[in-house]
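Heads up: the structure comes next, in structure tokens.
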Amino acid sequence: MQILQIQPRENIISIDNWQEYRRDGEQFLSTAIGAFRKGNSRFTPEILYNLVAMAIEKLIMAFLMKRGDLAENHTMGDLLRALEKHVGKHPELTEHFAFLDSFQEICEIETYKVQVPTLEETAAIVAIGEDVRRLLAPHLE
């Protein structure tokens, strides 16, 4: 694994409120994990997908903001590219983020598509959220 350091740590100026993004990401993910494990029927696969996606977005943004950086956009691909500038390539994340992107194509009205995840896919989605949290946790202390 190759890690690219953007600038010396002592020169990093954090963007304000990154801690709020971390808190929100942790809350979204905890809600999704708890609802999935309990089999709470009020949390449909679509809702769980969206909670995990929002959690991933918030956690990555917290990580980037803490390092004085931002993603170009907030798509999974853009978030991954911005993250990789700091932690290097993670082929499994590339696969995971492509999987997450496969459920929604919502950027253009002509190609708008939403696919509801199955129960097995929902389990994988929740696991991806947990993986992202584990990766970023040491950096968000």
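Before moving on, here are some points about what is shown:
- Among the residues of segment 87-108, just one is buried (at least 16 other Cβ atoms within 10 Å of the Cβ), part of a helix (DSSP H, G or I) and over 11 Å from the mean Cα position of the chain (by Cα), namely Val87.
- When residues of segment 29-51 are limited to those that are among the hydroxyl-bearing types (Ser, Thr, Tyr) and within 17 Å of the chain's Cα centre (by Cα), the one surrounded by the most Cβ atoms within 10 Å (Cβ to Cβ): Tyr49
- From the list Arg81, Arg37, Arg42, the one residue that fits, being of a type in the set (D, E, K, R) and within 25 Å of Ile12 (Cβ to Cβ), is Arg81.
- Asn40 being farther than 17 Å from Leu140 by Cβ, without any contact (Cβ under 8 Å) to a residue 24 or more places away in the chain and in a loop (DSSP other than H, G, I, E, B): yes
- All conditions in (1) surrounded by 15 or more Cβ atoms within 10 Å (Cβ to Cβ); (2) not in a helix (DSSP H, G or I) hold for Lys58, with the sole exception of (2).
- In this structure, Phe63 qualifies as assigned to a helix (DSSP H, G or I), surrounded by 14 or more Cβ atoms within 10 Å (Cβ to Cβ), of a type in the set (Phe, Trp, Tyr) and modelled with pLDDT of 95 or more.
- Near pairs, Cβ below 7 angstrom, 6+ apart or cross-chain, from segment 71-94 (free of Cβ contacts under 8 Å to residues at least 24 places away in the same chain) to any residue that is of a type in the set (Ser, Thr, Tyr) and assigned to a helix (DSSP H, G or I): Leu80/Thr94
The values are calculated or read from the model by the stated rules, or taken from the named source; none is laboratory data. Keep in mind that this is a model prediction, so the values were computed, not measured. With ideal geometry, Cβ positions are generated from the backbone for all residues, glycine too; neighbour counts draw on all protein chains shown.
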